Amino acid sequence: MTANPQTAYGADNITVLEGLDPVRKRPGMYIGSTGSRGLHHLIWEVMDNSVDEAMAGYCTKIDVVIDPDGAVTVSDNGRGIPVEKLAKTKKSALTTVLTTLHAGGKFEEGAYTVSGGLHGVGLSVVNALSSRLEAEVRREGHVWTQSFERGYPTTPEPVKGKAVKRTGTSITFKVDPDVFNDTTEFDREVVISRLREMAFLNRGLEISFRDERELSRSEDGGGFDESRVGRGEGWGEPYQETFLYKGGLIDFVKHLNGKREPLHAHIIDLTDESSEAELDLAMQWTGGYSESVLSFANNINTHEGGTHEEGFRKALTKAVNEFARSKNLLKEKDQNLTGEDVREGLTAVISVRVRQPQFEGQTKTKLGNTEIRSYVEKTLNKVIPEWLERHSAEGRRIVEKAIDASKAREAARKARELTRRKSGLESGGLPDKLADCSSRDPGESELFIVEGNSAAGPAKSARDSETQAILPIRGKILNVEKARLAKALQNAEVQDIVTAMGTGIGEEFDVAKARYHKVVLLADADVDGAHIRTLLLTLLFRHMRGLIEAGYVYIAQPPLYRVKVGSKVHYLVDEAELREFQKDHPKVKPTRFKGLGEMNPSELWDTTMNPETRTLLRVEMSDAARAEEVFTTLMGDIVADRKAFIQQNATDVRFLDI
Ligand code: 0RA
């Protein structure tokens, strides 16, 4: 078998071979980025094809395996990708799908529709970006295999192998490190969370996952946790888990609500199928104050929302108000519950399937189809009122909660006014503690929110006062997960952050007013620092989410260790980096910084603040479901969960997919 792609074939292949060239030249155009997000996108892309097969009713099980060298295999028990020769390309359908851009299977009268991967680019893109890819198809009584290197087939056609009865497709790919030069390592937690989500969204579909990679010590946070052994998280054994939800979105809502106290007994479950589209909705209110509405279109998490969410919100607000009025629960005739009042404490998952989804927005995660707004609204205008009538006791509790929220909102408005007056915001007053930068251009201005006074000193002397502002905050800020906005606004640290940012908070929040386009959270590299960072992230996530969505929120990475080799000083961010360093320098003795305050200003500048030399992690919203889950376990009522989580993830902020 020849492995030289340049000379493998004659002229006939050239068009096909050239077909994938643009993908390797500009991978970002096809998968968004060549960072961690783009890397994971390859798995989703391959899996989407199997999920399509499942949605079409031909596949019940998908297996995802990461082998010890990091190659990924996605197998399904569907019909198998067709292998016969196509008149159009004079090649096997399998070869065509894997080597032709946008051959999303549409070579055959609509038999094969991509479920709508964020970019919906298909298997050929994965092939182009993999150093090797093997396709195995079980079909027509035989196994067929074909291998590829960087998108080039190593045999002209699939090779027919042994006889088999079962049908299905397995794709194994190893990503090309020349393309993904940042990282080629899949994050287990990211994979697990997407597979679980896919299983929730596709009721009855069994998705199993096995990670055969060696568990690296650094990933485990160094501790041994017995509860993780059963699933293969002990030393040496592969991690294995199967996701299969008979309840679909109902199970999703149960999962999201976890141990939170529900406000009413039933999970509301509404579905509709029409010629236009399909709609699936599950929701339940809890006694809490935060709103968690997740939306999906064709299995894609639309965290920027869109028309399906708009239709849902409009119908829900209307239905609850009308129900409340019909039961005489509103005191005054003209009293109205706002959408925010109605959604307080609500956990909802809405999933639509649309024939030709239009994805818009910065991250292409906003559904744009206008016909879907009216479809969802119209459908829900009928079924939500019916549900409330059938469960009127539960309906009453929901209304009572919304009325409470309404009162609290009024109190919050007063508190905000007070904040404004106290801080003199209207006259441009800023917090006393803020060392502002001199630039008035938000695009170049950075706000460092620094924990602890001892660190604020060095940060102030180190900064570039033209573009870098420092806001010191003291100790633990209020946990907003357990408090309404009105209460949060009484907290001095919260007030200072809101005033410094200039955006307002809650209903009044306006990202266009941000005084800085970088907000950098700077906390110690220890457990307490992680806790404070999480509290700050919770505040931003719950009440100033637009900052995260705009990509303005960053996490600074101060080093934990300093080592000297001869006269040269090195700084290392965490234990994993230190261990790596000690492989080459086994004799060095590290100094561990106890806190930011131990660093002198020039060290802090060089390692953490200087835009030329620092590494900032940007906080992204790419996984809202996971973020929801983390914030509720982390910041909710269950102290034991929180403790365990923080201990396991002390320096790990990846839950926001950074
Ligand atoms: C085109 C046509 C048919 C199946 C598929 C594509 C197919 C593609 C993938 C990709 C991963 N798993 C897949 N499973 C099926 C149907 C052909 C027929 O009529 O049998």
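The values are calculated or read from the model by the stated rules, or taken from the named source; none is laboratory data. What you see is a predicted model; the values in this text were computed from it and never measured. In this analysis, Cβ positions are derived from the backbone assuming ideal geometry, glycine residues included, and neighbour counts consider all displayed protein chains. Quick note on the areas: whole protein, heavy atoms, side chains included, nothing else; ligands and nucleic acids left out. Shrake-Rupley method; radii C 1.70, N 1.55, O 1.52, S 1.80 Å.
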Completion exercise
Once residue 576 and residue 145 are pulled to full extension, the length gained, defined as 0.36 nm per residue separation minus their Cα-Cα distance, is 151.2 nm
Handout entry: Solvent accessible area, Å² - residue 326, 1.4 Å probe, full protein context
Key = 70
Handout entry: Cα Rg, Dmax (largest Cα-Cα span) when computed across the stretch 260-308, Å
Key = 13.1, 38
Exercise for the section: Set the Förster radius R0 to 22 Å, insert the Cβ-Cβ distance between residue 591 and residue 454 as r into 1/(1 + (r/R0)^6), and round the FRET efficiency to 0.05. Expected result: 0.80
Problem - Within the stretch 164-199, trypsin sites (Lys or Arg not before Pro) in DSSP loop having at most 10 other beta-carbon neighbours inside 10 Å - result: 165, 166
Problem - Net lengthening on full extension, residue 461/residue 174 (0.36 nm per residue, minus Cα-Cα) - result: 98.5 nm
Handout entry: Peptide ranges 526-536, 43-53, 282-292, 606-616 listed from the most packed, as the mean C-beta count within 10 angstrom indicates
Key = 43-53, 282-292, 526-536, 606-616
Problem - Cα-based reach from residue 414 at 16 Å (exclusive), listing lysines while leaving out same-chain residues under 8 positions away - result: 422, 487
Problem - Packing rank of 567-580, 500-513, where each peptide gets the mean count of other beta carbons within 10 Å, highest leading - result: 500-513, 567-580
Problem - Residue-normalised accessible area of the stretch 446-598, given per residue in Å² at a 1.4 Å probe - result: 41
Completion exercise
For residue 88, the aspartates and glutamates lying under 16 Å Cα to Cα, once residues fewer than eight places off in the same chain are dropped, come out as 12, 108, 109, 157
Problem - Ranked order, 545, 416 - accessible area, probe 1.4 Å, largest first - result: 545, 416
Completion exercise
Sorted by chain and number, the residues with a modelled amide H under 5 Å from that of residue 346, at a separation of 5 or more or across chains, are 286, 292
Exercise for the section: Sort the following peptides by mean Cβ neighbour count (other Cβ atoms within 10 Å, averaged over residues), highest first: 441-447, 310-316. Expected result: 310-316, 441-447
Practice task
For residue 550 paired with residue 29, estimate the spin-label separation in nm (one decimal), with each label point 7 Å from Cα along the Cα-to-Cβ line.
Solution key: 3.1
Handout entry: residue 259 versus residue 203: modelled label distance in nm, points set 7 Å from Cα along the beta carbon direction
Key = 2.9
Problem - Size of charge dipole - the stretch 351-420 - debye, nearest 20, with Cβ of Lys, Arg +1 and Asp, Glu -1, no other charges - result: 240
Practice task
With r as the distance between the Cβ atoms of residue 569 and residue 433 and R0 = 41 Å, compute the FRET efficiency 1/(1 + (r/R0)^6) and round to 0.05.
Solution key: 0.80
Exercise for the section: With 21 Å as the limit, write out which pairs from 174/364; 327/382; 564/594 have Cα-Cα distances beyond it, or answer none. Expected result: 174/364
Exercise for the section: Along Cα→Cβ, 7 Å out, is where each label goes; now give me the distance between the ones at residue 187 and residue 322 in nm to one decimal. Expected result: 4.3
